[in-house]
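Read-outs throughout are calculated quantities, based only on the coordinates presented, and are distinct from any laboratory measurement. Only a predicted model underlies this, so the values are computations on that prediction, with no experimental measurement involved. Every residue, glycine as well, gets a Cβ built from its backbone with ideal geometry; the counts of neighbours run over all protein chains shown.
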Ligand SMILES: Nc1ncnc2c1ncn2[C@@H]1O[C@H](COP(=O)(O)OP(=O)(O)OP(=O)(O)O)[C@@H](O)[C@H]1O
Ligand SMILES: [Mg+2]
């Protein structure tokens, strides 16, 4: 979604909720701190004015004590300002992370699949982290600059008259609005380019490390080295350009401050010569201008971060506003699977209907094989049966109850989908099996593995069931992974098992093992198997063929 920076700021500020009070305190404390910091040179000016003979009714001792107290208080207030800012920022980051996780949980699997996994990771970590900059270092500085500037203009007006107040206002606008805007224009693109190139560089470096075996096997190290040197030099050039611009931006801010100070001094001289205001007031007003640039000048440092923050914020807001395709059911009915009737089912993805007409029935103890060419929509049917995808029309009735009236938890407890490639977590084998049934006992786990013909293999491993499965199950062959998936299915109490290609990418031996396991499975449960494999089809009670979105019975010879 395209959002203007202003809209993003409003949306982020609205996320403050009750923390808005903490933010108000932070802003007040911050403004007071800055004003006290400005008070030190102003009190100094007061002392000098008294020394040169101006009529000032405060003793040197009081001026001295006030200056010391202002300085000390400035330190204390600065601490609390930062304390509140970070308290708000980190509380909000935690809340935002929770909201992001809830949004992710609500989104269906298909949508999550379509988001690049790397992108999601960036969103949950870096993007949300970046918002700290907004809450702790952007929002309150802007408000503080506004408050202190208004105070500055009012003080100068009362001390030195309208012309000086006008110069003060102009100075603040130039330093706090115009200069940051110019700097933003200059830094925005190079900053984004630098960050993009930096993350690209990291990604390609990571990719090369992952593919190190291929690089060695094809003796491609020279090419890779040249590639990396090229990328590195490109990154350095981009960084140099951005740094040069940053230095120029800082110089522009300082130059503006100096120019405005000179203009203010000119106005001071004219005001004294023309006797527009009292000499003491004008001089002290001048010191006020010089000493209150801090908050507005700090706004000049914002642009280089701001564009980046807004990009991150936009991605976070997109996720938070994303609506799930399928909303979970919580107040519906619970079922104990007995039979399933699918009638004239049509479903698919946003822009295309993949399944046009599917009708079949299955009950406990039956096995159906679904066959069809790659991309014909077999997996899509399985997703519809689990309501991972919403149907467009037709009926999916479990025990005669429409799928949309069944509680999501109950549906998931009754229907188990074993994916084409079961995911193996980087933990022990026991942990990987307990994913399917957290309360399973060791005996149950071993029995399930024995039925899935994987028990002997596991106890042969150095630490048996406590052996770590390695990153993404790298210790297991594709057939072994499928058998772990089947063991998970045995551990589930649900009576309908959906198997997506249980025998693809496995050799004849593993296929034989898996098929005999399936015979075990079909004895007690209803099984729908998606497969290209003729031998799988042979042992199913019913074989259905999916072609052009239409499901038809296949006559088996
Ligand atoms: N998330 C998605 N968004 C849009 N289209 C999708 C999505 N997932 C799958 N498709 C499309 O839907 C069609 C059916 O996909 P599906 O995965 O159901 O096929 P399949 O029969 O299981 O294929 P295979 O045998 O290769 O696993 C394909 O054309 C695919 O490109
Ligand atoms: Mg598939």
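Return the FRET efficiency for the residue pair residue 334, residue 434: r is the Cβ-Cβ distance, R0 is 30 Å, and the value is rounded to the nearest 0.05.
On the way: r = 23 Å, r/R0 = 0.78.
Using R0 = 30 Å, I get an efficiency of 0.80.
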Legend entry - Projected label distance in nm at residue 223 and residue 55, using a 7 Å step from Cα toward the beta-carbon: 9.0
Legend entry - Length-normalised contact order for the range 195-351 - Cα pairs under 8 Å, 6+ apart - percent: 17
Legend entry - Virtual spin-label span in nm between residue 535 and residue 322, 7 Å along Cα→Cβ: 4.1
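In percent, how large is the relative contact order of the range 339-553, given Cα pairs closer than 8 Å and 6 or more residues apart?
Numbers: 410 pairs, mean separation 68.3, N = 215.
After rounding, I find 32 percent.
If you take every DSSP beta bridge fully contained in the chain, what fraction is antiparallel? Give it as a percent rounded to 5. Write down the numbers at each step before the final one.
On the way: 20 of 40 bridges.
Looking only at bridges with both residues in the chain, the antiparallel portion is about 50 percent.
Which FRET efficiency value, to the nearest 0.05, is calculated for residue 461 and residue 520 with the Förster distance at 22 angstrom and r the Cβ-Cβ distance? Write out the running numbers ahead of the final one.
Values: r = 23 Å, r/R0 = 1.04.
Efficiency computed from Cβ-Cβ geometry: 0.45.
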Inset, instruction - With N denoting the number of residues in the chain, provide Rg(C-alpha) divided by 2.2 N^0.38 Å, to two decimal places. - result: 1.43
Inset, instruction - With everything on Cα atoms, drop me the angle between helix 128-137 and the longest principal axis of the chain, reported from 0 to 90° to the nearest 10. - result: 20
Legend entry - Mean Cα-pair separation over length for the chain, i.e. relative contact order, pairs under 8 Å, 6 or more apart, %: 15
Legend entry - Spacing of the two label points (7 Å from each Cα toward its C-beta) at residue 166 and residue 274, in nm: 0.8
Legend entry - Per-peptide average of other Cβ atoms within 10 Å, ordering 409-422, 6-19 highest first: 409-422, 6-19
Inset, instruction - Round to the nearest 10 and give me the degree value, 0 to 90, for the angle of helix 179-210's Cα axis relative to the longest principal axis of the chain. - result: 30
Legend entry - Principal-axis tilt of helix 303-321 within the chain, Cα atoms, nearest 10 degrees: 40
Inset, instruction - Please report the Cα spread of the range 429-495 along all three principal axes, rounded to whole Å, starting with the longest. - result: 30, 21, 19
Legend entry - Helical contribution to [θ] at 222 nm, DSSP H n ≥ 4, -39,500 (n - 2.57), averaged over the chain, rounded to 500: -20500 deg cm²/dmol
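Which FRET efficiency value, to the nearest 0.05, do you get for residue 195 and residue 405 by plugging their Cβ-Cβ distance into 1/(1 + (r/R0)^6) with R0 = 56 Å?
Working: r = 48 Å, r/R0 = 0.87.
Calculated value: 0.70.
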